[in-house]
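A short worksheet on the structure shown next.
The values are calculated or read from the model by the stated rules, or taken from the named source; none is laboratory data. If you're wondering where the values come from, they're calculated on a predicted model, not measured in any experiment. Here the Cβ positions follow ideal geometry from the backbone for every residue, glycine too, while neighbour counts run over all protein chains shown.
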Amino acid sequence: MSRPRSESEYLARLRPPSVAATGISRRGFLKGTLGAGAAVSLSSLLAACGGGDDGGGGGGSTSQEVTLGSNQSDAVPKKAYADMMAASGLTVKVNTVDHENFQENINNYLQGNPDDVFTWFAGYRMRFFAAQGLAGDISDVYGGLSGFSDAFKQASTGDDGKQYFVPLTTYPWALFYRKSLWQERGYEPPKTLDELVTLSKQMQKDGLTPIAFADKDGWPAMGTFDQLNLRINGYQFHVDLMAGKKAWDSPEVKKVFDTWKGLLPYHQKDALGREWQEAAQSLLKKESGMYLLGMFVGQQFPKGKEQDDLDFFAFPEIDPSIGTGAIEAPIDGFMMAAKPKNEEGSKALLKYLGTAKAEDIALKADPTVIGASSEADTSAYTGLQQKAVEFIGSAESIAQFLDRDTRPDFASTVMLPGIQTFLKNPNDIDGLTKSLESQKKSIFTS
Amino acid sequence: MSDLPTVPAAPAAAAVPRRRRGSRVRVTGTDRIFLALMVIVPTVLVVGWVWLPAIASVVLSFARWTGVGGLDTIQWIGTENYKNVFTIYPPFYPALRHNVIWLVFLFVLPTLFGIFLAVLLDRELRGTRFYQTAFFLPVVLSLALIGFIWQLIYSRDQGLLNAVLHTQIDWYGDSKWNLWAVLVAASWKHAGYIMLLYLAGLKGVDPSLREAAAVDGASQVRTFFSVVLPVMRPINIIVLVVTVIEALRAFDIVWVINKGTNGLELIGTLVTSNVIGEASRIGFGSALATIMLVISLGFITIFLATVMRGEGQR
Amino acid sequence: MSSATVTRSPATPAIPAKAKRRRLTPGRVVLYVFVTLTALAWLFPVVWAVLNSFRDYNYVSVHGYASLGGFTFKNYVDAWQQGEFTRHFLNSLIITVPAVLLTLFLASCVAFVVARFSFRFNLILLGLFTAANLLPQQALLIPLYRAYREIPLPLWMSDSGQLLDSYWGLILVNVAFQTGFCTFVLSNYMKALPHEMYEAARVDGAGVPVQFFRITLPLCRPALAALATLQVTWIYNEFYWATVLMQSGDKFPITSSLNNLRGQFFTDYNLLSAGSIVIALPVLIVFFVLQKQFVAGLTLGSTKG
């Protein structure tokens, strides 16, 4: 990416003011949604309720204060969260922590003095804490919620069959492109891998980088792995692999890496020095043809004409017997602490947060996610959001993303550097997979 | 940098009033209590905050633990963590290599250059204050800040280096270059520090030694190598130890750049990324930490021996 | 180039500092030129940062770096606000001042005992303290981190309820680490104090506290000043412990907050320069004003005071 040549270009690179104005965080997208802003201002803004706890023990009531730990520290979503809490009818004190810190310290947070309710993600991460006894069982709340499909319910359920999670928003991972560019050049979304390769070759001839790519932070490339694995080996294999039940040096996994190696020539070069925001910029500037990322890629597009120009298609089919029914759509939502100070109030808050009404307020600020509930008001949705609703609604199975679907220590200390090694040297797949498998064995023993 | 040892007295230092050796002062009553407190409180702090954790790290390295849950969730697995570190952990050997490169680089370039500068500045130049200030300035900046400042030079699109060389290299992001880029920035700081230590040492060298050498007809270079350098032995050892410790502890600057990945792996960053955050591989991280400890203790012992020998002479 | 004669010539090794006038030989000119150029090169990165901090990003992106013009103070204002520097500087203050005072006090205590009396454990104590300073911090991270989580603190001392993510936690760990170095320096210094003084005081009936507070500490003022300067710089610059032991973003001291600035400043390097200069300013000021103390602190032991 070159230096922006004019002020408008520079401003265009900043996030649209309606969305996060500051704080590009490595994890910013995973929460995707809205947030309760920079720690200081919000806490002081909303801290009218004052400190101290309200009634010891697990009782509490809906008239007492409920505390909420939030990782949504970006400026604009934070306001949306504030609005959302204000409309709940309960007294909610929101404690915001910078999103990266929140995640990094979740272990301490939950074992120390957590808030009654806190933001988190569905998937293995949620189940991990539930199994450790760090989250409260909210099956009763869940029973009263409507609008969550089976896939969402499944994502909210712990290993013991009880629910621990209330979804708020979600967004799909897919291949994003600019409609105007594709119309201009006469490109069509490919349906199979071969078509994708042909299209990429055409794009190269036309002077574009076919697939934008960035992996400086290590996690974006996991998305590519997931899509390939889901297409080549199917949803069940993917889930088992994430759970440590399948071997990483199996021929199935090697096939995934082989296929990826074949596609690498069409990806943007030097990905390890580039952050995803830069790659998104190359999509915006029509230097790249498409980008495999979550819908938050839209945050890098100025609101209006550019954002409306964004469109996506599912990752193409690779194995006809598997098809394209499996997608990746991380779900953000809330959980309850194991021993909340105000249990009744927490459950009431969670019940509210699981309604479409709450989602609607949250979505006002961020058009790059959609509400998890099928009852969410879609009338104000942009074209992209509408498409996402349909995309997720019609999916056969939903994966959460590699680092949410597997053990966090495996994801961050093994997979992250492992994939980066692959990108630097795609030729030693045997060595890489063997290393991944032996490391996995050393971690998944417990 | 919190490890600055002082320059111990050069052998020809000014005479120190000798305390009558062997005069054991009798301490009584409340004095006893005070003395006890004066020793015990700081010792408890240092032992509790430094030495006990060090020992605990070693102990934990034989365990598997996620840190979630109480001490009863620890599983003891013997040397398995070490086996894993040495055999199946891909970033380990690169990190070790990088630390060694760090050490060699730091020694060959900034250390020797710092000594060279010290020798030059010892020549009684006009404006020596200015020169010293200039060279010493980076020492007061934190390494993390230095990483930031050099970003202006190293950035791919807006950095000075690429503008001048007309290249498009991402100095911090390309694993071919980033370690060297970081080392240059770290050396910028290290050289000034070594220079200062050495300069102080040089000023403490008895002038009569040099005059004697001059009278004997020795050239400057000869004088330095044959007369000054041997006398500076304690300082030489300190300089060496400091360089080693800095190389082992390197962390700040690579952490702010990319958290120690993609060519900037260091043992210090490996320990940290295995432990903080969600990863929480306590036992494994402790094994890495113990390796760090063992290596540093070797050098610390050398340092202590040198310094304590000086103490014993007092 | 040395001559066997005794005449003063620039090539002979240092003659005690009285001689200020030296003949400018070619060798000496080369020396001056080399040192001057090197010194300027050394200052360059900082100067470059300062220069850029005053330039407006929009101007620079259009006209390129080599241009002149587009000077503004806006970067400083923006950096200060976006980086929430007021809060972070306050945090640094809250951590640095108590830490330095505590370190110096505790170090003086131990140094006093070690210097004044020759107990058998003196050497061990000194060794223990000095080595503590040199251990790699990463190696101590895990047990400290966990222990910090376990140790409860009353809420008025730490709003997290634990030692983790509290100012006290950070202060204590800095003190523990820095005490070693200060003890070593101070013990050297105190050993050089004349013994007769203490004898006289003892005869006058002064106990240990009086000897310590009334006699030793005042005499150690130069050393203490020097060490204070050093410690302020080091603790202010301390990055590791603050990063790992603090969790709430708003409690970070200023140097660790750099981590959080990365994202915000990733496009605008002029903003980044301004931020860096602001952060560097306190130590730079300390350095310029108290340079003598700084240097003295590092070199104490070779010459007294």
Which number in (1) surrounded by 23 or more Cβ atoms within 10 Å (Cβ to Cβ); (2) in a helix (DSSP H, G or I) marks the one condition that A:Ser373 misses?
(2)
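Results for (1) touching a Ser or Thr at 6+ places or on another chain (Cβ under 9 Å); (2) buried (at least 17 other Cβ atoms within 10 Å of the Cβ); (3) modelled with pLDDT of 85 or more, shown as yes or no for each residue.
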{"position": "B:Lys176", "(1), (2), (3)": "no, no, yes"}
{"position": "B:Trp180", "(1), (2), (3)": "no, no, yes"}
{"position": "B:Asp206", "(1), (2), (3)": "no, no, no"}
{"position": "B:Leu229", "(1), (2), (3)": "no, no, no"}
{"position": "B:Ile235", "(1), (2), (3)": "yes, yes, no"}
{"position": "B:Phe251", "(1), (2), (3)": "yes, yes, yes"}
{"position": "B:Val256", "(1), (2), (3)": "no, yes, no"}
A:Asp428 vs (1) buried (at least 18 other Cβ atoms within 10 Å of the Cβ); (2) within 14 Å of another protein chain (Cβ to nearest Cβ): all pass except (1)
When segment C:114-144 is examined, which residues are found to be over 17 Å from B:Leu304 (Cα atoms), of a type outside the set (Ser, Thr, Tyr) and surrounded by fewer than 19 Cβ atoms within 10 Å (Cβ to Cβ)?
C:Phe117, C:Phe119, C:Arg120
Taking segment B:271-289 and keeping residues at the interface with another protein chain (Cβ under 7 Å from one of its Cβ atoms) and in a helix (DSSP H, G or I) leaves B:Val271, B:Thr272, B:Ser273, B:Asn274, B:Val275, B:Ile282, B:Gly285, B:Ser286, B:Ala289
Among (1) surrounded by 19 or more Cβ atoms within 10 Å (Cβ to Cβ); (2) within 14 Å of chain B (Cβ to nearest Cβ), where does A:Asp116 come up short?
(2)
Output for segment C:270-298, where each listed residue is buried (at least 18 other Cβ atoms within 10 Å of the Cβ), more than 10 Å from every other protein chain (Cβ to nearest Cβ) and among the β-branched types (Val, Ile, Thr)
C:Val278
Would you check if there is a residue in segment A:358-366 being within 14 Å of chain B (Cβ to nearest Cβ) and within 21 Å of A:Gly294 (Cα to Cα)?
no
For segment A:102-123: of the residues being modelled with pLDDT of 85 or more and β-branched (Val, Ile, Thr), which is nearest to A:Ala399 (Cα to Cα)?
A:Thr119
Being touching a helix residue (DSSP H, G or I) at 6+ places or on another chain (Cβ under 8 Å) and away from chain B (no Cβ under 14 Å): is that true of A:Asp160 here?
yes
When you scan segment B:103-110, do you find a residue that is outside any helix (DSSP H, G or I) and surrounded by fewer than 20 Cβ atoms within 10 Å (Cβ to Cβ), even just one?
no
B:Gly268 vs. criteria away from chain A (no Cβ under 14 Å) and either crowded, with 23+ Cβ neighbours inside 10 Å or at negative phi (or both):
yes
Can you pull out the residues in segment B:192-220 that are more than 8 Å from every other protein chain (Cβ to nearest Cβ) and within 30 Å of C:Phe294 (Cα to Cα)?
B:Tyr193, B:Ile194, B:Met195, B:Tyr198, B:Leu199, B:Leu202, B:Val205, B:Asp206, B:Ser208, B:Leu209
Residue among A:Gly298, A:Gly354 that is crowded, with 20+ Cβ neighbours inside 10 Å and under 16 Å from A:Met84 (Cβ atoms):
A:Gly354
Being in contact with a Ser or Thr (Cβ under 7 Å, 6 or more places away or on another chain), over 30 Å from A:Asp360 (Cβ atoms) and of a type in the set (Lys, Arg) is the requirement here; does A:Lys246 meet it?
no
Here the residues within segment A:299-350 that are of a type in the set (A, V, I, L, M, F, W, C), closer than 20 Å to A:Trp182 by Cα and either more than 22 Å from the chain's Cα centre (by Cα) or assigned to a helix (DSSP H, G or I) (or both) are none
Could you please give the count of residues in segment B:122-166 that are closer than 30 Å to B:Val228 by Cβ and either over 24 Å from the mean Cα position of the chain (by Cα) or not aliphatic (A, V, I, L, M) (or both)?
15
Conditions first: (1) facing chain B (nearest Cβ under 7 Å); (2) outside any loop (DSSP other than H, G, I, E, B). C:Leu217 passes all but one, so which condition is the exception?
(1)
Filter the helices (runs of 4 or more DSSP H) completely within segment C:83-196 down to those with at least 1 residues that are more than 26 Å from the chain's Cα centre (by Cα) and at the interface with chain B (Cβ under 7 Å from one of its Cβ atoms).
C:122-134, C:137-150
Of all residues in segment A:392-419 being in contact with a Gly (Cβ under 6 Å, 6 or more places away or on another chain) and in a helix (DSSP H, G or I), the one that is nearest to the other protein chains (Cβ to nearest Cβ)
A:Leu416
Just name the residue that is modelled with the lowest pLDDT out of those in segment C:260-269 that are in a helix (DSSP H, G or I) and facing chain A (nearest Cβ under 9 Å).
C:Gln264
Considering only residues of segment A:404-433 that are of a type in the set (Ser, Thr, Tyr) and within 23 Å of the chain's Cα centre (by Cα), which is nearest to A:Asp215 (Cα to Cα)?
A:Ser412
